[in-house]
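Visitor: Take this structure, written in structure tokens, and hold onto it; I'll ask about it next.
The values are calculated or read from the model by the stated rules, or taken from the named source; none is laboratory data. All values derive from a computational prediction rather than experimental measurement. FYI the Cβ positions are ideal-geometry reconstructions off the backbone, even for glycines, and counts take in every protein chain you see.
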Amino acid sequence: MDTRGGDSSHQDTDRGTAVEFVYRPTAADFEEALRARARRSPAGRAQALMAPLMAAIGVVTFSVLGDVPLPVWIISLVLCMAIASWGTVRGLRTMARRMFSVVEPYGQCRMVADERGAVSTGERVSFTMEWTVFREYLETPRLFVLLGGDRAAGIAVLPKRGAQDPADVDLLRAILGRNLKRL
């Protein structure tokens, strides 16, 4: 994959052309990606449901062991579930802000993807990723979200707004579809 200038958005590869996205990451991108992961991936659902589930188990355990009256038990359960759910949402927002703080110094990013993987170049850093680094991907109305595989527990966020041409979104979707499992 050549990223040294030229018209890289239309390079020939083994099975099609490369696609180029140019964008500046935002905290909202990471928040949307983490919310989508929490809804659609097994690991994300487990992470999102862990706090409310543990709160419910704790309330039930203490209510049964403490011989708590049923109305107090129900009120406690509802309050604990609400607080744990709020904490989970706040935790996702905090995680998104932290993830964004890592990539914010990169500035504007240019990502070129083809059948072998993707090269991402920021104002201060560049890196190459083969598709084998990721196991699966999901799509939201504004993003492609790549989820780490067996050897990498990470998330890559590719905003659709970075497409140089509207057809590039479909081209990237096709490349991802051939190389990763869609959630």
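Visitor: Would a scan of segment 66-88 turn up a residue that is under 22 Å from Phe127 (Cβ atoms), at pLDDT below 90 and not acidic (Asp, Glu)? First the steps, then the outcome.
Guide: The initial filter retains those residues of segment 66-88 that are under 22 Å from Phe127 (Cβ atoms), namely none.
No, segment 66-88 contains no residue that is under 22 Å from Phe127 (Cβ atoms), at pLDDT below 90 and not acidic (Asp, Glu).
Visitor: A further question on this structure: List pairs: first residue in segment 84-97 and without any contact (Cβ under 8 Å) to a residue 40 or more places away in the chain and under 11 Å from Ala48 (Cα atoms), second residue surrounded by 15 or more Cβ atoms within 10 Å (Cβ to Cβ) and of a type outside the set (Gly, Ala, Ser) anywhere in the structure, Cβ distance under 6 angstrom, at least six positions apart or on different chains.
Guide: Ala84/Pro52; Ser85/Pro52
Visitor: For residues in segment 134-162 being farther than 20 Å from Phe100 by Cα and of a type outside the set (Asp, Glu), which is modelled with the lowest pLDDT?
Guide: Taking the candidates together, the pick is Arg151.
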